[in-house]
């Protein structure tokens, strides 16, 4: 789907440029922005290496485990269907701990592992469970204390104060996470989002 969106954006830009006689501007913009993308990507290497190093230090020092233990008291009420000692709980906690530190790349494999473990607990394999939907909502809106990736991009782009984004990011992500949790908890109670008895019977018979 995303490939189609990008294709449509490019096609519309080229067509509009040709119709308005600005095709040269479109070509120049494409070349200049391609160069800018490379410059930003190279600039990200140093900053991302720094934050990944800090992440490794945090992991070895036990900071990640400390955050994980702190999150456990929140996770158990949020995921009542998931046993506290199940591997899914551990994977979700580690995923959220990585997201809290703004390390989305490190959080991705943990999120995939958590979904696999939640699927093992899911009695209805063709339908996402409440725990899976709740985790997805929280993961998408995750609270972030240190937006490492955004800071890296701002450094690469030449920002005078790249870390000023930390405060607004904390406020915005806390608000988005609260909204996501409220929405998913309310919507999962609606009959339209619950598995109908006849479908449960079909699954049992299979």
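The values are calculated or read from the model by the stated rules, or taken from the named source; none is laboratory data. Model, not experiment: these values are computed from the prediction. For neighbour counting, all protein chains shown are included, and Cβ atoms are generated from backbone atoms with ideal geometry for every residue, glycine included.
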Selected residue (only one of 98, 131, 107 is in contact with a helix residue (DSSP H, G or I) (Cβ under 7 Å, 6 or more places away or on another chain), closer than 23 Å to residue 189 by Cα and free of Cβ contacts under 8 Å to residues at least 60 places away in the same chain): 131
Residue 110 modelled with pLDDT under 85, assigned to a loop (DSSP other than H, G, I, E, B) and over 30 Å from residue 192 (Cα atoms): no
Residue list for segment 124-149, restricted to those being buried (at least 18 other Cβ atoms within 10 Å of the Cβ), outside any loop (DSSP other than H, G, I, E, B) and modelled with pLDDT of 80 or more: 130, 131, 132, 134, 135, 137, 138, 139
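Residue-wise test of (1) in contact with a helix residue (DSSP H, G or I) (Cβ under 8 Å, 6 or more places away or on another chain); (2) under 22 Å from residue 167 (Cα atoms); (3) surrounded by 20 or more Cβ atoms within 10 Å (Cβ to Cβ); (4) at pLDDT 80 or above.
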{"site": "50", "(1), (2), (3), (4)": "no, yes, no, no"}
{"site": "66", "(1), (2), (3), (4)": "no, no, no, no"}
{"site": "80", "(1), (2), (3), (4)": "no, no, no, yes"}
{"site": "88", "(1), (2), (3), (4)": "yes, no, yes, yes"}
{"site": "103", "(1), (2), (3), (4)": "yes, yes, yes, no"}
{"site": "114", "(1), (2), (3), (4)": "yes, no, yes, yes"}
